[in-house]
Amino acid sequence: MAAVEKRRLAVAPAANFIDSSRPSVSGAAATTESEEDFLQQLGVTKMLRAALLKVLEARPEEPISFLAHYFENMGLSTPAHSGAGEPPGQLLLQQQRLGRALWHLRLAHHSQRTAFNNNVGVAYECLSASGRKKKPGLDGRTYSELLKRICRDGEAPEEVVAPLLRKIQCRDHEAVPLDVFRTGMLTCFVLLEFVGRAGALYQLLEDPMLAVADRRMGQAVLDTLEGVLQASSGASAPTHYLEAGSRLGPDSLALAMDRALVARRPSSPMTREEFLEKAAALFIAKVKPVG
């Protein structure tokens, strides 16, 4: 018995021996788990996943620069005490929010409906953040300011976009729901593209020597464009008017221009600004006013 007991005592230390130079499997798993928990608690995992989704949505030519701008805009957060009771601080904060919202709105073209609508939701949340003296929600003043920023940055002539802004703006202290915000943003972006396409049409009519177009030709094209838009009178979404305008094919344009030339009526020049203003008016007439 004594011999057997001695052998048991000799085996026990060997069985319990652990090489201290290498971590155990359970220890490594615990470390990995704690690292994952740490990243999740800080929101890093969710943040990186959202950033990668934005890259897939936008598919930028320079993804590193895109991500840098993305994280820079994420950093424009609102401290709990920032600008409280200080108009200059509040103004700066407001401009940061507008810039951040505008950046998100430009991540995807409006034709990418799912991605665009998601970005509209993010922009709405950026502008709806509350401070110490500000209730959560979006007011008409901020909404209207963003509409102006979109149109101004889109380089559309002021006289072209002013009638649209009067139709879709809200009162300064009016609460703006998400669906109104989404429609307003979409309408602005579609108008800018519509005006861009109208500018391309004008280039076809413009005399390169005089830098103007023949009024008969310009009016004939506008009349044809109006007819196409009238044919889509049952549509309500701004994108439908843009699609209708894109169906203005070369055959219909050539026919309209031929009719204008055959008329042989006295004509006068039509400037680019006048043509764009009249083309935009056809689009804006289809837009329903807010409220």
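The values are calculated or read from the model by the stated rules, or taken from the named source; none is laboratory data. Just so we're clear, the structure is a prediction, and the values are computed from it rather than from any experiment. We place every Cβ from the backbone using ideal geometry, glycine too, and count neighbours over all the protein chains shown. Accessible surface is based on the protein model in full, side chains and every heavy atom, while ligands, DNA and RNA are left aside. Shrake-Rupley method; radii C 1.70, N 1.55, O 1.52, S 1.80 Å.
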Fill in: Tensor-based shape of the range 91-180 (alpha-carbon gyration tensor, a/c under 1.5 rounded, otherwise prolate or oblate)
oblate
Practice prompt. Using 0.36 nm per residue of separation minus the Cα-Cα distance, give me the extension gain between GLN203 and HIS109 in nm, one decimal.
Written response: 31.4 nm
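Give me the percent relative contact order of the range 115-215, please, defined on Cα pairs under 8 angstrom at least 6 residues apart. Kindly include the intermediate steps, with their values, before the conclusion.
Values: 75 pairs, mean separation 28.1, N = 101.
Normalised by residue count, the contact order of the range 115-215 is 28 percent.
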Practice prompt. Please give the solvent-accessible surface of GLU159 in Å², to the nearest 10, using a probe radius of 1.4 Å with every protein chain present.
Written response: 90 Å²
Discussion item. What does the net charge come to around LEU102 if you take all other residues with beta carbon closer than 10 Å to its beta carbon, with K and R at +1 and D and E at -1?
Written reply: +3
Discussion item. Please report the carbon-and-sulfur percent of the accessible area for the range 151-207; probe 1.4 Å, protein heavy atoms only, DNA, RNA and ligands left out.
Written reply: 50 percent
Discussion item. Under the 0.36 nm per residue contour assumption, what length would be gained going from the current alpha-carbon distance of VAL122 and GLU35 to full extension?
Written reply: 28.4 nm
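What FRET efficiency would be calculated for the residue pair ALA285, ASP172, taking the C-beta separation as r and a Förster radius of 25 Å, to the nearest 0.05?
Efficiency, rounded to the nearest 0.05: 0.45.
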